[in-house]
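Below is one structure; the comments refer to it alone.
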Amino acid sequence: MKRIILFLIITFIVGVFSGMSQNSIPFNKAGFKNPPKQFYPTPFWHLNSELTDTGIVREMTDAKQKAKFNGVAVLPIAQTKPYFLSDAYFKK
């Protein structure tokens, strides 16, 4: 439980500070049509099955190259294996 609370606090802090720099770029039409990478979406990544090295690499590569995501926010589901925030999870 402590690990989950710590994870949520860190995620919140990172989200707050990453959004602070977004106000420093003035709006323009060209920038809106082709935004800088810092404005790419950062969706939740639902972890709902067994994590494999191959699967993680494939998912992250697709998220960056095909969907142009700036990153992901990990959102585990109860069925995630290895168990979220366990020692085995961090080895992945």
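In the set (1) at positive phi; (2) in contact with a Lys or Arg (Cβ under 6 Å, 6 or more places away or on another chain), residue 68 fails one condition alone, (2).
From the set of residues in the range 68-87 that are without any contact (Cβ under 8 Å) to a residue 12 or more places away in the chain and exposed (fewer than 11 other Cβ atoms within 10 Å of the Cβ), which is nearest to residue 34 (Cα to Cα)? Before the answer, list the steps.
Initial filter on the range 68-87 (without any contact (Cβ under 8 Å) to a residue 12 or more places away in the chain): 78, 83, 86-87.
Pick out the ones that are also exposed (fewer than 11 other Cβ atoms within 10 Å of the Cβ) and you get 78, 87.
Numbers: 78: 38, 87: 40 Å.
Within the range 68-87, the match that is nearest to residue 34 (Cα to Cα) is 78.
Give me the residue from the range 9-33 that is of a type in the set (Phe, Trp, Tyr) and either part of a loop (DSSP other than H, G, I, E, B) or more than 15 Å from the chain's Cα centre (by Cα) (or both) and, out of that set, modelled with the lowest pLDDT. Even if it seems obvious, please write down each step before you answer.
If we filter the range 9-33 for residues that are of a type in the set (Phe, Trp, Tyr), which is where we start, we get 12, 17, 27, 32.
From what is left, the residues that are either part of a loop (DSSP other than H, G, I, E, B) or more than 15 Å from the chain's Cα centre (by Cα) (or both) are 27, 32.
Values: 27: 71, 32: 79.
Step by step, filter the range 9-33, then rank; the result is 27.
When residue 2 is tested against (1) over 15 Å from the mean Cα position of the chain (by Cα); (2) of a type in the set (Lys, Arg); (3) at pLDDT 75 or above; (4) loosely packed, with under 11 Cβ neighbours inside 10 Å, just one condition goes unmet, and that condition is (3). Looking across the range 34-51, just one residue is surrounded by 13 or more Cβ atoms within 10 Å (Cβ to Cβ), of a type in the set (Phe, Trp, Tyr) and in a strand (DSSP E or B), and that is 45.
Residue 54 satisfies every condition listed in (1) surrounded by 10 or more Cβ atoms within 10 Å (Cβ to Cβ); (2) of a type in the set (Val, Ile, Thr); (3) in a helix (DSSP H, G or I) except (1).
The values are calculated or read from the model by the stated rules, or taken from the named source; none is laboratory data. Because the structure is predicted, anything quoted here is derived from the model rather than measured. With ideal geometry, Cβ positions are generated from the backbone for all residues, glycine too; neighbour counts draw on all protein chains shown.
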